[in-house]
Each structure stands twice: as C-alpha cells, then as structure tokens.
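A quick write-up on the structure given underneath.
The values are calculated or read from the model by the stated rules, or taken from the named source; none is laboratory data. These figures come from a predicted structure and were not determined experimentally. Glycine gets a Cβ as well: all are built from the backbone with ideal geometry, and neighbour counts include every protein chain shown. In case anyone asks, the SASA skips ligands and DNA or RNA and just uses the protein heavy atoms, side chains included. Shrake-Rupley method; radii C 1.70, N 1.55, O 1.52, S 1.80 Å.
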Amino acid sequence: MLTIALSSLCVAAQIQQPAAKTDKSGSTGVIKGRVVNESGQPLANAIVSARAPNSNYNEIVVTDRDGAFQISELEPSLRYSVVAAMPAYTSPRPQQGVAAPTYRTGDSVSLTLIKGAVITGTVTNAVGEPVVGIRVRVEPVVRDRNGRRLAGDGAAAERQTDDRGVYRFYGLPAGTYVVLAGGISQSYSSSWIDPYETDVPTYANSATRDTATEITVRAGEEVSGVDIRYRFEQGRIISGTVTGASQRGFNIMLSSAGDVAVPWTSSAYQPVDDNFFSFAAVAEGDYDLFAYAYSETREHAVSEVKRIRVRGADVTGIELTTRPLGSVAGRVVLDETKPPECTDKAPASFADMTVGAWHNDNEQAKETPQTLWNLGAPVRPDAQGNFVMRNLAPGEYFFAVRNATKNWYVRSIQFPGTGAKKPIDATRVWTSIKAADQVSGLSITLAHGGASFRGQLALGEGEQVPPRTFVYLAPVERERSDNALNYFGAAVEPDGKMVMNNIPPGRYWMFAETIGEGLPVPLSRLRFPLETEMRAQIRRAAEAGKIELELKPCQDVTDFKLKRDVP
C-alpha cells in the first residue's frame, strides 16, 4: 500500500490529455497540431485522422516536414478524436481508467508516436530448408484483470516469408505476442492462392497452440531468432448453415472452449445470399461456435453458442439460428438549478456525453464470447437527451455516463417504479437483459455543481510511481456512504499526476494504493452494484489515512500536492 499525506489543500480538473490549446483567432472548422516522436522531434509524412462520434468517416491529412498538420472543414458543434499513424511507429498505450481525449475545432493538438518493436525469425521444414512464401502472423496475448488469457481479437499483423524463409514484423506496440505460420489468412483482401491454408498453424518454436512460446517486447526493441520448424499438419473442417433475419450478412465466430483451452478466435464473414459457412485448418479440440447478423440499422442478431468437439474427423451440418439482441432506451435529464458558485460555469452539452452499459463479469458471463460483449458500444444522447443502447448480449448490466463538462455530476440512475412502487435505483441492483428484450425508461439525472481536481504525488529525482497505483475518494458523510455514485478512483500516472472530475460536492477521504501484479484492481469494480463490502473496505482504509478534503460546488482546484510519508 502507498501511504500519502496532504501538503496543500487544492483540487484540479479533468483527465489529462495530450496538450491541446484553444485557438482564439476564430478559425472555426479547423483543428491544427503537430506530430512528434518520443524525443520531441517532428515526424514528417505521418497520417493524421479526425473522426466525429458515431461516424464511419475520417478526415485524413499528412504532416509536413515540420510534423505540422491542419484538418479543415470540420463541424464546430462536434468533438473529434484525433489520432496519428506512421509505419514502424505506434501510439502510446492509454492509461487505465482514462478516457481517450476529444477535441473541438480551434484546438491545437500535440500527438506523440513511439518507435514500435520488432519480431523476426525464420520458417523452415523438417530438414532445415526455408519455407518460402508462407504467411506468418503475430497475435497479441490478451489477459483479463486477474491475469487469465483471453481470446485474441485477430492478428496484429501478417507477413510472408522471403526466399530465405525469413519474416519480419515491425511497428508493434509493446506487449506479449505469439507467432504462427500457416492456416487461414486473416486478410480478407488477399486473393493469393495459399498452399498452406488448410494446415493447422505451427507456432514458434515449432509448437502447437497450447505450447506456443510467448514473446514479450518493449517499445523500440528488436527480438530475433523467433524461428518456426513447420509441421505440415492437415487441419479439420467445421461447417454448417445460418438462418435468421439479416439484411447485410452473417459473421460466424469460432473460439476455443473451456477453462483449460488456450484462448483462440477465428471468424468467417458470409453475405446474406449465402448462409453456408466453413472453417478449415482447425486443430483437434473443443470449440464454441455462434453467428451474429448485421442489419442496415446496426441492430444485430445472434445465435446461441454451440459447443463443438473435433476428434479425428470433420464436423459438418451444423445449424445456427440468430435472434435479436437486447436494448435499453432512456434519457439524460439535466437539473438546471445552479448553486451560487456555478453562475459563470458552462452549460452541459449532450454532444460531450456518452452512455454505456457494462456487463457483470460473473461466472455465467464467462460462457459468453467476448465478441458479443463488444457489440454493445456506448452511445451519445441526441439533442433532447434521448438514447438507445443496442446490441446488448443476454446478461446483467449497470450503466455509466461519461461527461466532458466537469462542473456537472451524476445524481441518479434509475428506472421508473410500477404502480405505487418507488423508482428502481439502477446503481444498487444489476439490470437483467434477455435476448430480444427492449427495456425502456432509464433516467440518468445530471446536476450542476460538480467539482474536480488535478493532483501531483511528490517524487524524488528520477523516481517514478510504481505501476498499478490508484487513488480513491470515499465520502465522509455516513448518509452518502452507500451511494456508489459518491465513490471515485483514478490511476496515478508514472510521473505522479492524478486527475478526477465530475465529483458531487461534499467531504471526502482520500486513499491511494499500489496493486500487485496478478491481483484484481478495485478501480474496475468501484461502481458495480452489490459491491458494498468492497466500497466499505476502501472507505475504512481512506478514513484510517486521515486525509480529508471538502469540495464546494463547481470548485476547480489545481496544484493538489501529495507527499509520501516514507521514501
């Protein structure tokens, strides 16, 4: 545990973002900026794109030799995500718990790219001769908050070996990967006839999926000698048909199954006029299979998940039938009552908000493939505050709103009661969603008076905060202690910076701790319904630390200094 002491009573603003300075010259419709490397040197010919919320269209420009860019003809009423890309470079990983920044026209943005990692090696046959022109893929190893491996989301990159049997991947984000050769290509645009596509993939080093070597790389690092002795093992076929309403087509997902299985996922897209699907190059084992269907309205339908066993023969004749996913409709309500301290503060804007449904990660949820949970993305309310969260897989949910206007806070999240019953507090109980459910009436009330702070943990020269360090706020007043909306947490960045915003006014205890590797992070469950004991533990630890601060309505305090008691 990291113990801290308060050295000055100040509190600061919203989540730290890449530097953005508003252009006061009145140049509406334009976002300017610069792309640099980790040393601050300009990067010429970097590709920069800006995308508005709920849009599939990007405005794209290229930086000049000074790394500068200007994106024009943007809608002034919208906020845009702005990202940069360049061969051999990658973007810094986002800090856990920190939302991606967005920008308005007139902002000046600084974007940093870092040199990516390299993994290289050879593919040879049993007598050491090069295997020429075989596809090699590198896939990220993904783990949940408890350290368990999860099914990956496809290949990070794909290459072919040259005439020496050599492959080389560059521009990889820092992380852990497995490398494999052969099997079905993950590139849908590929038209090349591949003699190895029906083979079971061979992993480095000459391994099957369950014994594959994991390669960990840092930014800018090159790891060589990741060699594969190709096994030329013929794979099995899984095939069948899909039925159900669809206007655009089906996506069929095949994943390894069971707690002892090595996570793996593959997919096959089928157009609407051809409901037959087939997976080749499948190794023997147990798999989960399901289909989901696209529609023009972006509302998806899914089939039940079927368990498939592959043992010594192809598995054919499978039938999958899709049904619609669930949805939750509601409205964001703004309480316009202004405390005296907030008279000069900006009004809330629905364009600056997103509403999301987050599922209960219980044992039952682990039977649902991760792909289905990813379909129910957060949405932005319309001009009247109305919203519909679609494509929710069957399960239990709680709801959260992100609001970029820091002087507003969430007062309540509830469903209307029936008859004489009181409204249902959706922060206290999970909301159950079944297939095809259309739940309505969710009301999220935001109130004026949110406080915010930016803090700094005192560090020695050259010292960094340990990874997985988090800071929490817990309410002092006992009458607020059972309200999940009064608990806040944030990751402490390596340089000691910490930020929280949209905090209800009141008295709080502050508490910071460092979580060991492999241990669950309370931050991810801080607002979960029924986690009353976990919040009580944080409140007791915060009270014992005796660091108390009082936040007034709309208070925007900066330079919040924290000093560690022990070196």
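Just name the residue that is nearest to Gly165 (Cα to Cα) out of those in the stretch 189-219 that are open to solvent by 50 Å² or more (accessible area, probe 1.4 Å) and among the small types (Gly, Ala, Ser).
Ser191
Pick out the one residue from Arg539, Arg507, Arg468, Arg454 that is under 21 Å from Arg428 (Cβ atoms) and basic (Lys, Arg).
Sole residue among the options that is under 21 Å from Arg428 (Cβ atoms) and basic (Lys, Arg): Arg539.
Can you find a residue in the stretch 229-237 that is surrounded by fewer than 17 Cβ atoms within 10 Å (Cβ to Cβ) and assigned to a loop (DSSP other than H, G, I, E, B)?
Looking through the stretch 229-237, at least one residue is surrounded by fewer than 17 Cβ atoms within 10 Å (Cβ to Cβ) and assigned to a loop (DSSP other than H, G, I, E, B).
Residues being of a type in the set (Asp, Glu) and within 18 Å of Thr445 (Cβ to Cβ): count how many of those fall in the stretch 329-374.
3
When you go through Ala404, Ala400, Ala426 one by one, which is the residue that is within 27 Å of Gly489 (Cβ to Cβ) and surrounded by fewer than 18 Cβ atoms within 10 Å (Cβ to Cβ)?
Ala400
Please work out which residue is nearest to Pro505 (Cα to Cα), limiting yourself to the stretch 531-561 and to residues that are in a loop (DSSP other than H, G, I, E, B) and open to solvent by less than 70 Å² (accessible area, probe 1.4 Å).
Of everything passing the filter in the stretch 531-561, Pro553 is nearest to Pro505 (Cα to Cα).
Scan the strands (runs of 3 or more DSSP E) fully inside the stretch 408-483 and keep the ones with 3 or more residues being within 30 Å of Glu341 (Cβ to Cβ).
Fully inside the stretch 408-483 and qualifying: 408-415, 438-448, 451-457, 469-475.
Could you list, in sequence order, all residues of the stretch 99-115 that are open to solvent by less than 40 Å² (accessible area, probe 1.4 Å), at pLDDT below 95 and not in a strand (DSSP E or B)?
Across the stretch 99-115, the qualifying residues are Ala99, Pro101, Thr105, Gly106.
Quick one: which of Glu73, Glu38 is in a loop (DSSP other than H, G, I, E, B), under 30 Å from Phe169 (Cβ atoms) and open to solvent by 80 Å² or more (accessible area, probe 1.4 Å)?
Result: Glu38 is the single residue among Glu73, Glu38 that is in a loop (DSSP other than H, G, I, E, B), under 30 Å from Phe169 (Cβ atoms) and open to solvent by 80 Å² or more (accessible area, probe 1.4 Å).
Give me a count of the residues in the stretch 41-70 that are at pLDDT 95 or above, within 26 Å of the chain's Cα centre (by Cα) and assigned to a loop (DSSP other than H, G, I, E, B).
1
Which condition number does Met498 fail, the rest of (1) more than 19 Å from Ile413 (Cβ to Cβ); (2) in contact with a strand residue (DSSP E or B) (Cβ under 8 Å, 6 or more places away or on another chain); (3) in a loop (DSSP other than H, G, I, E, B) being met?
Result: Met498 fails condition (3) only.
Which pairs do you get when a residue that is farther than 15 Å from Arg539 by Cα, found in the stretch 478-507, comes within reach of a residue that is assigned to a strand (DSSP E or B) and among the basic types (Lys, Arg), reach meaning Cβ atoms under 9 angstrom, with the pair 6+ apart or on two chains?
Taking only residues 6 or more apart or on different chains, the pairs are Lys497/Arg454; Met498/Arg454; Val499/Arg454; Met500/Arg454; Asn501/Arg454; Asn502/Arg402; Pro504/Arg411.
Only one residue in Val333, Val388, Val315, Val302 is among the hydrophobic types (A, V, I, L, M, F, W, C), within 20 Å of Thr243 (Cα to Cα) and surrounded by fewer than 19 Cβ atoms within 10 Å (Cβ to Cβ). Which one?
Just a single option satisfies the conditions, and that option is Val315.
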